[in-house]
Every structure is written in C-alpha cells, then in structure tokens.
1. For residues that are under 13 Å from LEU39 (Cβ atoms) and out of contact with any Lys or Arg (no Cβ under 9 Å at 6 or more places or on another chain), tally how many sit in the stretch 74-103.
2. Pairs please, first residue from the stretch 45-56 and without any contact (Cβ under 8 Å) to a residue 12 or more places away in the chain, second anywhere and surrounded by 10 or more Cβ atoms within 10 Å (Cβ to Cβ), Cβ atoms under 6 Å, 6+ apart in sequence or on different chains.
Amino acid sequence: MMNDWKDRLGVVYSTAADFDYRTAESEEAETLAPAAQQLRVRIEKKGRGGKTATLVSGFVGTSADLADLGRTLKSKCGVGGSVKDGEILVQGDFRERVVSLLRSLGYTGTK
C-alpha cells in the first residue's frame with residue numbers, strides 16, 4: 001500500500017506544492033553468489049550468561065536467504081539459534097563445523 005496513513009506519521013505538514021507523501025520503500029540487496037560472499041565466523045560469550053554462541057556475519061542478500069542459510073546451519077549442527085540483525089547465531093561452540101559447512105555450500109570466502 002503506497003498511501004497508508006501509518007507510513008506518513010513522521011510527516012507533520014509540508015507547504016511545498018509538489019511534495020509527495022510516499023515513503024522510501026526499503027530495498028533489500030540482491031543476494032550475492034556464495035563464492036562472492038565474505039562471511040566471518042566468530043565465538044561470543046559476553047552478554048550471554050556465560051554460554052557460548054557462534055556468530056556468522058557479513059552476509060549480503062535478502063533476509064529470506066539469510067534465514068534459509070541460518071536454518072540450514074542450525075539443522076546441520078543439531079542445535080538452536082536465531083537470525084536477526086543480519087547475523088546468524090548458532091548456540092554453542094561450532095566454529096569449525098560451521099566454517100566447513102559454509103565452505104561445502106560454496107561460501108569459499110569464509111574465515
């Protein structure tokens with residue numbers, strides 16, 4: 001919906017005759033080929049109650065493709081996790097397994 005009133009809540013009033021109330025629609029970047037991705041895998045423990053988590057960052061693409069990759073990694077590792085803020089979180093220390101899985105999926109620029 002282009003003219004939904006909820007999208008214009010930040011606009012108070014404009015005196016410009018040619019002002020257009022349309023908001024800038026968020027455009028997601030197209031998903032790069034797996035070989036062109038520069039993914040980074042790291043371990044984090046801070047702010048997690050002492051529990052270890054493996055984080056994958058640097059994915060360039062749509063949120064649906066990121067969610068699919070996260071689902072694949074979580075199922076192959078057999079653990080839980082989440083996908084938010086452009087990062088994949090896998091519960092536990094699965095650094096080596098995640099890197100090998102990403103490389104087998106074609107993400108050769110993984111470190």
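1. 5
2. Cβ pairs passing all conditions: LYS45/THR52.
Laboratory data are not the source of any read-out in this text; all were calculated from the coordinates shown. None of the values given here were measured: they were computed from a predicted structure. FYI the Cβ positions are ideal-geometry reconstructions off the backbone, even for glycines, and counts take in every protein chain you see.
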